[in-house]
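Data block below; observations after.
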Amino acid sequence: EGGNKPPAQKWSFSGPFGKFDRGAVQRGLKVYKEVCSSCHGLSFVAFRNLAEAGGPGYSVAQAAAFASEYKVKDGPNDQGEMFERPGRPADYFPSPFPNEQAARAANGGAFPPDLSLITKARSYGRGFPLFLIDFFTQYQEQGPDYVAAVLQGYEEKPPAGFNLPEGSFYNRYFPGHSIKMPKPLSDGQVTFDDGSPATVAQYAKDVTTFLMWAAEPHMEARKQLGLQVFVFLILLTVLLYFTKKKVWANAH
Ligand code: HEM
């Protein structure tokens, strides 16, 4: 049994002109850090990425300062010992658990997946020729729609007749409706310093935007290049048309 179809949201990164809303990416990073990171890793993202073009828009110094707030395992040193040190820009976000067994043990047997690619995980790209439709209908937004929906899809109690297993929670959008992630977000939990509302809806939207960037850090460059290619092809078509007219002008 599947979950309900997630409602389609408006995303800043949608469509051929889409860009990441910098404010949302920065707020989403804060939500990830203060809430999600206690259970979910983000192991494909390095702190230095936070200062890269097309991302949250931090300076190299800001990314380094952010990194230094983390403790990172390193070693062995000259004495053969492992040790902890403050994070550096080249480090990746540390994972909350040493391995999957430990993660499952802490979460009632369920595995909190790494979030680096989660916005892609439940969105399905389609092959030729349907990807042409996807291009115009923004099919790629399924993944973020799903993530934002799951975060907001909790129900205090399941509908009558639904048998919810011990240690699970009812979620309208999670496939099967029975999820082992406790409702992670509630109003007022994270403080934003830009005056954005401290609501579950805002947190869900922002953390999803952040995770979309994490999954596709070069999206803006990709879309920009795509547009340039289209412009070039249109110009080339026009030029070739007139060239053809000229070359064949005297053909009988
Ligand atoms: C599953 C995101 C916080 C534990 C998931 C899934 C998403 C997600 C999208 C579903 C993946 C799927 O469809 O298979 C997030 C985000 C969080 C957050 C964005 C922060 C806002 C937490 C926290 C915990 C947690 C704080 C631990 C207390 C889990 C577990 C699962 C899960 C155990 C697996 C559920 C199952 O398979 O039944 N999370 N999560 N998550 N999450 Fe979270």
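Derivation of every value follows stated rules applied to the coordinates shown; laboratory data play no part. Keep in mind that this is a model prediction, so the values were computed, not measured. For neighbour counting, all protein chains shown are included, and Cβ atoms are generated from backbone atoms with ideal geometry for every residue, glycine included.
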Item to check | Set of region 50-76 residues, backbone N closer than 20 Å to the point 7 Å along the Cα-Cβ line of Val231 | outcome: 54
Checklist entry - In straight Cα distance, which lysines are under 25 Å from Lys120, not counting same-chain residues fewer than 8 positions off? => result Lys5, Lys10, Lys19, Lys30, Lys33, Lys180, Lys183, Lys205, Lys223
Next on the checklist: For the chain, set up a GNM with springs between Cα atoms under 10 Å and report which of Met82, Met212, Met181 has the largest fluctuation.
Outcome noted: Met82
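I need the chymotrypsin sites (Phe, Trp or Tyr not before Pro) found in region 209-252, filtered to DSSP loop residues with at most 10 other beta carbons within 10 Å of theirs.
On the way: sites: Phe210, Trp213, Phe230, Phe232, Tyr241, Phe242, Trp248; in loops: Trp248.
Sparse-neighbourhood loop chymotrypsin sites (Phe, Trp or Tyr not before Pro): Trp248.
Between Asp194 and Ser59, what is 0.36 nm times their sequence separation minus the Cα-Cα distance? Round to one decimal in nm. Could you put the intermediate results ahead of the total?
Values: separation 135, 0.36 × 135 = 48.60 nm, distance 1.82 nm.
Residue separation times 0.36 nm, minus the Cα-Cα distance, leaves 46.8 nm.
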Checklist entry - How far is it, in nm, from the label point at Gln224 to the one at Lys157 when both lie 7 Å from their Cα along the line to the Cβ? => result 5.5 nm
Item to check | Filtered GluC sites (Glu not before Pro), region 1-64: DSSP coil and at most 10 other beta carbons within 10 Å | outcome: Glu1
Next on the checklist: Can you show me the helix-derived [θ] at 222 nm for the chain, built from DSSP H runs with n ≥ 4 at -39,500 (n - 2.57) apiece and divided by the number of residues, rounded to the nearest 500.
Outcome noted: -12000 deg cm²/dmol
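For an R0 of 30 angstrom, estimate the FRET efficiency from the Cβ-Cβ distance between Glu52 and Leu130 and round to the nearest 0.05. It would help to have the intermediate numbers written out before the result.
Working: r = 32 Å, r/R0 = 1.06.
Result of the calculation: an efficiency of 0.40.
What is the dipole size for region 53-110, taken about its Cα centre, with +1 at each Lys and Arg Cβ and -1 at each Asp and Glu Cβ, in debye to the nearest 20? Show your work: numbers first, answer last.
Numbers: 5 positive and 7 negative charges, 36 e Å.
The calculation lands at about 180 debye.
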